[in-house]
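The values are calculated or read from the model by the stated rules, or taken from the named source; none is laboratory data. Predicted model only: the values in this text are computed from it and were never measured. We place every Cβ from the backbone using ideal geometry, glycine too, and count neighbours over all the protein chains shown.
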Amino acid sequence: MNNTDVSVKIDKYWKESNMLLTMEQLCKVHDNKIPIVVINAGKNPVKIPKHSYIGDVFAIEEIDKDTLRVHSEEIIPEDADWEDSLPPYPMSSEPLSQEAFETLITSSNLSEKGHKELIKLLWRNRVAFHEYDGKSGLYNGPQRLKIDLKNTDDIPKKIKPARMSREKENEISKQIADMLANGMIEPSRSPYLSRVVLVRKKNQQWRFVADFRYTNSLIKQQSHVIPRIDRITTEAAGKRFYTSFDLKAGFHQIPLDDNSKQIAAFVTHEGIFQYKVMPMGLTDEVLDGIPECYVYLDDILTCNNDESNHLKAIDKILQRIITYGMKISLAKCQFGQNSVKYLGFRLDSKGIHVNPEKVKALQDKPVPRTVKEVKSFLGAIYYFRKHIKNFAAIAAPLYGLEKDFKWEQKHTDAFEAMKKALIDAAVLSPPDNTKNYTIFTDASFQGLGAALTQQGRPIVFASRSLNQQRKIIQ
């Protein structure tokens, strides 16, 4: 983070614990560092320990030349900013020619004959792709998403549109016109209103966001079954050919039922509008019944050992997408690959690998300076625990910091050992249910460990640390 203006709010307990004077202040970030003015009001020197927590940093937004707004949420680093990965609202355009369409198709690991057949079937199913005609998809099946209020007798509070600069008002007007043209919103007289904010993206364009936090407090929580990632990767690993698809703005392709639209309303200087679509996926129902096809939210994967069957699966998926009126992003598809990155892992004929890009990101993390940073690191690396032998024992010292943050050499050793373990993470082989399994177990004062193998190949590692009571029993 560099050349970014932020607001620093000093923790009240830190201010009360010493003779140092400081105050809330605006600072500029330079090389991920923030200079803070601190005055020693006492007569004796005061030493501030390294990694001391003294307060929080908040983003600020310039409303106009005389007004700044402090956002009461944490600043998100670039590598964790998922909002910039969201697609823009689709815009209609003239259909592409076959020649222009084929230039968008990536290379594959299929045979020459297989690749030619792939190009033919993609063109045959060209309506499934957003890039072909620029149209947005809209699910036309029987399902409609329904939103239920906790109490229908409650009168929602009145909400006025946020005051914005002329530049932002013009941008909101433009995006509302785009969404109206694409059938995503419609005019409304709903009393359930949310304000709109514009978020600046990395490319300096504006993202239109409705702040539904108040509305969310009024509605009943819904439960949705999300497939287990480990089950998908285990079943999909060990294949010769992989193809992945990504729904174009998939969360805008599912319609709301008529009674729920008014709850998804928002107010702007242009008036009141309500969404006709909802950020929720029904892709698993659309593709139900297709062999070797896996769906996780908007990510679709099909894999096979036979080239001919793989092409047939691709054809079936695209036909089903067309039937249900949905759209896929051709630019994000990978066709007929020997290896594919999916849900944080890399899958190929050998098994499940840790995604090297994820490893690189964790390797570059500096030593944690707060409990929050420790939890963030452990949460990220825990995702790959099944690839790391004796994960619990290695990470045990770091978990101890969650209660009492006092960084010592043993924590540095554990932090570096965890990084090394991630580099050396095992490739997990897909299980073969026709063959025997072998289980290896191990126990120490720190924790328990086990490895499930098959003919010397690791299938999965499991481990857990021991609390103080269990250590005594042992």
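Run V374 past the list (1) within 22 Å of the chain's Cα centre (by Cα); (2) modelled with pLDDT of 90 or more; (3) over 20 Å from P227 (Cα atoms) and report the number of the one that doesn't hold.
Every listed condition holds for V374 apart from (2).
Please determine whether any residue of the stretch 383-404 is out of contact with any strand residue (DSSP E or B) (no Cβ under 8 Å at 6 or more places or on another chain), in a loop (DSSP other than H, G, I, E, B), over 30 Å from A236 (Cβ atoms) and not hydrophobic (A, V, I, L, M, F, W, C).
Of all residues in the stretch 383-404, those out of contact with any strand residue (DSSP E or B) (no Cβ under 8 Å at 6 or more places or on another chain) come to 383, 394, 397-398, 400-404.
When the remaining residues are screened for being in a loop (DSSP other than H, G, I, E, B), the result is 383, 403-404.
Of the ones still in play, those that are also over 30 Å from A236 (Cβ atoms) are 403-404.
Filter once more, so that each one left must be not hydrophobic (A, V, I, L, M, F, W, C): 403-404.
Within the stretch 383-404 (the criterion being out of contact with any strand residue (DSSP E or B) (no Cβ under 8 Å at 6 or more places or on another chain), in a loop (DSSP other than H, G, I, E, B), over 30 Å from A236 (Cβ atoms) and not hydrophobic (A, V, I, L, M, F, W, C)), the answer is yes, since at least one residue qualifies.
For the stretch 431-464, which residues satisfy the criterion of being outside any strand (DSSP E or B), exposed (fewer than 12 other Cβ atoms within 10 Å of the Cβ), without any contact (Cβ under 8 Å) to a residue 24 or more places away in the chain and not basic (K, R)?
N433, T434, N436, Q455, G456
May I ask you to list the residues in the stretch 382-440 that are under 24 Å from the mean Cα position of the chain (by Cα) and among the small types (G, A, S)?
A425
Only residues that are out of contact with any Phe, Trp or Tyr (no Cβ under 9 Å at 6 or more places or on another chain), assigned to a loop (DSSP other than H, G, I, E, B) and modelled with pLDDT of 85 or more: list them for the stretch 226-241, please.
Across the stretch 226-241, the qualifying residues are G238, K239, R240.
Surrounded by 12 or more Cβ atoms within 10 Å (Cβ to Cβ) and at pLDDT below 65: does that describe H30? Before you say what the answer is, go through the steps one by one.
Working: surrounded by 12 or more Cβ atoms within 10 Å (Cβ to Cβ): yes; at pLDDT below 65: no.
When the stated conditions are applied, H30 does not pass them.
Tell me the residue from L428, L422 that is crowded, with 18+ Cβ neighbours inside 10 Å, among the aliphatic types (A, V, I, L, M) and within 28 Å of F241 (Cβ to Cβ), please. Spell out how you get there, then give the answer.
Numbers: L422 fails: within 28 Å of F241 (Cβ to Cβ).
Residue meeting the stated conditions: L428.
(1) hydroxyl-bearing (S, T, Y); (2) surrounded by 15 or more Cβ atoms within 10 Å (Cβ to Cβ); (3) modelled with pLDDT of 75 or more: which one isn't true of T283, the others all being true?
The number of the failed condition is (3).
Restricting the search to the stretch 332-363, which residues are small (G, A, S) and over 17 Å from the mean Cα position of the chain (by Cα)? Don't jump to the end; show me each part of the working.
Here is the first cut: in the stretch 332-363, the residues small (G, A, S) are 336, 339, 344, 349, 351, 361.
Of everything in the stretch 332-363, those that are small (G, A, S) and over 17 Å from the mean Cα position of the chain (by Cα) turn out to be G336, S339, S349, G351.
For the stretch 406-421, what are the residues that are in a helix (DSSP H, G or I) and either without any contact (Cβ under 8 Å) to a residue 12 or more places away in the chain or among the β-branched types (V, I, T) (or both)?
Within the stretch 406-421, the first condition is being in a helix (DSSP H, G or I), and the residues that meet it are 409-421.
Hits for the stretch 406-421 are Q409, T412, E416, K420.
Among the residues of the stretch 167-216, how many are crowded, with 16+ Cβ neighbours inside 10 Å, part of a strand (DSSP E or B) and more than 28 Å from the chain's Cα centre (by Cα)?
0
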